[in-house]
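> Take a look at this one; I'll ask things after.
Each value in this text was obtained by applying a stated rule to the coordinates, not by laboratory testing. All values derive from a computational prediction rather than experimental measurement. For neighbour counting, all protein chains shown are included, and Cβ atoms are generated from backbone atoms with ideal geometry for every residue, glycine included.
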Amino acid sequence: MSILWPTRDERHADLLRRARSGDRRAFSRLIRELEDPVRAYIFRRVLNRADAEDLVGRVFERMVERLEQFDPLRGAVRPWVLRIARNAIIDHLRTRKVFSPLDTLGDPVPADVRDPLDDLIERERVELLAELVRALPAETKELFALRYGDGLRHREIAEVCGISVAAVKQRVSRARRELKARLRDREREMEAPDYAV
């Protein structure tokens with residue numbers, strides 16, 4: 001526990017403990033705190049608002065069903081719920097005969113730039129990066145999306161995906177290096193003069 005106030009993980013664990021004891025307010029608060037991150041996590045993967053809303057409801061139903069199974073000694077509440085969401089997404093996509101849960105990290109939104117040319121260059125760079133991320137293998141893309149799209153820590157990603165923290169760090173680091181190199185190569189190709197004209 002932090003010195004001044006509980007961390008998010010400690011607060012969630014306390015709310016879950018109280019919810020297990022029948023405290024409906026604690027359960028409602030826990031749902032409110034987790035709802036937006038779960039909705040964002042799901043929407044970035046299914047890219048359909050109606051399906052995302054259905055899945056959010058399904059995730060919290062499953063959470064209620066599994067409330068007693070959660071072990072706070074094995075991990076934090078948020079990654080546990082995101083793992084439930086991940087499994088719900090996979091189930092959903094399998095029923096649709098689609099199995100590529102992470103074709104995108106979401107729509108890139110460029111920062112406000114004063115110069116239209118700078119804006120165009122930045123937008124092209126973001127689109128290029130998104131294209132390179134989409135080309136990653138599905139498992140790597142998922143780790144990358146959890147880290148940079150959802151802002152999860154390595155430990156949380158490990159809990160969501162069921163792999164070791166060391167494996168998460170290694171794979172995310174390798175993906176970053178690979179993306180940097182590919183981005184640099186593609187930018188050089190784009191900058192090279194075309195003498196064939």
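> Between Arg125 and Ala138, 0.36 nm times their residue separation minus their Cα-Cα distance comes to what? Don't skip to the answer; put the middle values down first.
On the way: separation 13, 0.36 × 13 = 4.68 nm, distance 2.19 nm.
The span from Arg125 to Ala138 would gain 2.5 nm if fully extended.
> Report the local net charge at Pro79: Lys and Arg +1, Asp and Glu -1, summed over other residues whose C-beta lies under 11 Å from its C-beta. Please report the intermediate quantities before stating the final value.
Working: positive: Arg74, Arg78, Arg83, Arg86, Arg153, Arg155; negative: Asp9, Asp150, Glu156, Glu159.
Once all neighbours under 11 Å are counted, the net charge is +2.
> Using the Karplus curve 6.51 cos²θ - 1.76 cosθ + 1.60 with θ = phi - 60°, work out ³J(HN,Hα) for each residue of the range 51-64 in order, rounded to whole Hz, and write x for Gly and Pro.
Result, ordered by residue: 5, 4, 5, 4, 5, 4, x, 4, 4, 6, 5, 5, 4, 4 Hz.
> Using Cα centres only, tell me the gap between the range 34-78 and the range 135-165 in whole Å.
16 Å
> Taking Rh as the Kirkwood radius, which is the inverse of the mean 1/r over Cα pairs, what is the Rg/Rh value for the range 1-101?
Values: Rg = 14.4 Å, Rh = 14.3 Å.
Rg divided by Rh gives 1.01.
> In nm, to one decimal, how far is the modelled label at Ser21 from the one at Ile163, with both set 7 Å along Cα→Cβ?
For Ser21 paired with Ile163, the spin-label model returns 3.9 nm.
> Among Leu73, Ala13, Ile89, which residue has its Cα furthest toward the positive end of the charge dipole of the range 1-101, with +1 on Lys/Arg Cβ and -1 on Asp/Glu Cβ?
The residue sitting farthest along the positive end of the dipole is Ile89.
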